[in-house]
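Coordinate-derived values only; no laboratory data. This is a predicted model, so every value here is computed, not measured. No Cβ is skipped: glycine too gets one built from the backbone with ideal geometry, and neighbour counts run over all protein chains shown.
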Amino acid sequence: MKDLFSNIRGDAFGGITAGIVALPLALAFGVSSGLGPTAGLYGAIFISFFAALFGGTNTQISGPTAPMTAVSMVVIAGIVATNDGDVDKALPAILTVFLLVGLMQVGLGVLGLGKYIRYIPYPVVSGFMTAIGIIILLTQILPALGYYPKEDIEFVNTFKAQAEEVILENILIEEAGEGILVLEDFEETIERAEEISSDAILIESQTLAAKEASGALGAIKVVPRAIKNINWLELVLALGTIFIIYGFKKITMAVPSTLVALVVMSGIAVGFGMEYKPIEEIPSGIPLPNLEIITGFKLKTITPYIFTALTLALLGAIDSLLTSVVADNMTKTKHKPNKELVGQGIGNSIAAIFGGIPGAGATIRTVVNITSGGKTKLSGMIAGILLFAILLGLGPIASRIPAAVLAGILITVGIGVMDYKGIKAIPNLPKDIKIGPFKLSSEVLIMLVVMVLSTFWNLVYAVGIGLVIASLMFMKKIGDLTAERSDVKPLKEEAWDDEFDFPENLKEEVFIKHLKGPLFFGSTSDFQQLYAQIPNTAQTVILRLGRTQYMDQSGLYAMEDMLQDLRKKGVEVLFVDLLKQPRYMMERIDIIPDFIPNEHIFDSFSECLIWIKNNVEDKY
């Protein structure tokens, strides 16, 4: 506790500065997620405070981030779509998934899995981050142009017939659940169908229109309509915001350019009485917990999103721990990864209970905190308290911010979040794989696959596919390297130092094989080539296994197959310097002693050589 207040002045200035930087981003991420600016602000308040209080990185500033918001947007859109497009109806299920994300992160920390996050391959992270940037850019084109699909009556009307089908289908499902849907009597169905109002059809049509235009692919589909229906005022507000964000940085970095852009462009819009589209109203009262998470909990509602929740939890963990490394480098300290995951999980859990979107450690905000004097956890807590004070005092004022201004802020976030380091490296990475006539870099292939699938299909599945491809590529490379170092060569081509005294008269009768590396599924095909290379004159095969530290099940059965074939040919096999793990594996399925008796296993080549001289006859 004493350390917490050891740098009050620096922490206060750092926390206040980081909170000011976080404000426009929190509002923008909330709007982008689909839950509105309030959800973004609540997320920033609770995650910043509690992740700092319970986390393992003293200077970390946490809150909604671009990657977390992009994946959250997918979750929110999916659950809203299954709830007739009604956000209020879908909210308990959405927040339950977000609560699950926080609890999973706490679990990761408690189980001590924080140290394993670093094993996620860079190409997967790079492709994902670039996709996040592209998604944000594409989805913010429409609000920057002042185009909202739900407000385009001509576009909405094209979904009228489909909306009527959906409503009628819902009536039939409802009747089936009530047990009154029978073939002989459709009177109840007809009565309910006649009660469908034009307003209900319009609302359903708007929901379908919004769904059609959602995501990166949906935005691309409706861009032509958006261009035909540009709201020039909204476009000017968005472009003005982008111009100030980039331009003000060249004047000074002391004041956050996003905040300057937010204040200036909003001030112009309000001051001149412009007719712009504002963001949703932000309540100014104290946040209240959403108890429907508990009272309305239904397992079947969140079951389809458990894998997505795990992905969000892992993404938040990666995001936070990468930021922790940046903080370590700047402050010359060492963070506690598992404690940091627990802190992030607690922050996300509490944010979900109060209706906030999930977040993670934010690199830019953390850097701002450190450079402004923040050194202890108090700085992150102060950032959360500042945002809470803004919520209480400036909620009604913040509600007048133009939606186009937040779109402009998000466009700059999308441009900034892309992994330019990975993109620039594409021409220089070695082309180590061949697909048809083309030679490609496996790293580039993984990055592009993750980027394209994340952008136009599914963020969660894209990461999973990327991890599978990366793992297969890695295993192939290790297998190739092992095979390369473990060439099958007869004695006269390769001899180790202790083999030079081997009797010349027995070199035709004895074949020596050196294994140099693990015998696993990636190297078994090369090991199997040993059969063909053993000369017909060989009566005995010596396997030198001192450099084979590991054997998996594939390697075990490859060894068994070889020993069976050699036994049929009447060839004796001797093991030299067999290590603990391979021996254990072979004893489990009785290769030892059924194929290789204990007296054929030697600790050194000199012991084996004595056996050879006593038991092998010179026939050739």
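Annotations for the structure displayed:
- Volume per residue that the Cα convex hull of the chain spans, once the total is divided by residue count, Å³: 244
- Angle between the chain longest axis and helix 232-251 axis [Cα atoms, degrees, rounded to 10]: 60
- Note on L53 and L322: the model spin-label points, each 7 Å out from Cα along the C-beta direction, lie 2.9 nm apart.
- Here the relative contact order of the chain, from alpha carbon pairs under 8 Å that lie six or more residues apart, stands at 26 percent.
- Angle in degrees between helix 306-331 and the longest Cα principal axis of the chain, rounded to the nearest 10: 90
- Computed FRET value (nearest 0.05) for F438 with N458, which takes r as the C-beta separation and R₀ as 25 Å: 0.40
- Packing order of peptides 74-80, 61-67, highest average first: 61-67, 74-80 (average count of other Cβ atoms within 10 Å over each peptide's residues).
- Spacing of the two label points (7 Å from each Cα toward its C-beta) at L233 and M274, in nm: 0.8
- Working from label points 7 Å from Cα in the Cα-to-Cβ sense, the K89 to I589 distance is 5.6 nm.
- Within a straight-line Cα-Cα reach of under 29 Å, K619 can be paired with the following lysines, leaving aside sequence neighbours fewer than 8 residues apart in one chain: K489, K492, K507, K513, K568, K569.
- Sorting F155, F54, F474, F98 from the fewest to the most surrounding beta carbons within 10 angstrom yields F474, F54, F155, F98.
- In region 497-615, taking the dipole from charged Cβ atoms about the Cα centre, the farthest positive-side position among I610, Y557, L578 is held by Y557.
- Taking 0.36 nm per residue of sequence separation and removing the Cα-Cα distance, the I196/A532 pair yields an extension gain of 113.1 nm.
- Residue exposure sequence - M473, M586 - by fewest surrounding Cβ within 10 Å: M473, M586
- What the Cβ-Cβ distance of K477 and N614 gives, at R0 = 35 Å and to the nearest 0.05, is a FRET efficiency of 0.20.
- Using R0 = 30 Å, the C-beta based FRET efficiency linking E292 and V223 works out to 0.20.
- Residues whose amide H comes within less than 5 Å of that of I542, counting only those at least five positions distant or on another chain, are F511, I512, K513, L574 (H built at 1.01 Å from N in the peptide plane).
- Shape class of region 277-322 from the alpha-carbon gyration tensor: oblate, with a/c at 1.5 or above and b/c at least as large as a/b.
- Cα long-axis angle, helix 605-615 against the chain (0 to 90 degrees, to the nearest 10): 40
- Counting other Cβ atoms within 10 Å as a rough exposure proxy, the listed residues T363, T333 run T333, T363 from fewest neighbours to most.
- Taken about its Cα centre, the chain carries a charge dipole of about 3100 debye when Lys and Arg each add +1 at the Cβ and Asp and Glu each add -1 at the Cβ.
- Of the residues F388, N58, I433, the one whose Cα sits farthest toward the positive end of the charge dipole of the chain, with +1 on the Cβ of Lys and Arg and -1 on the Cβ of Asp and Glu, is N58.
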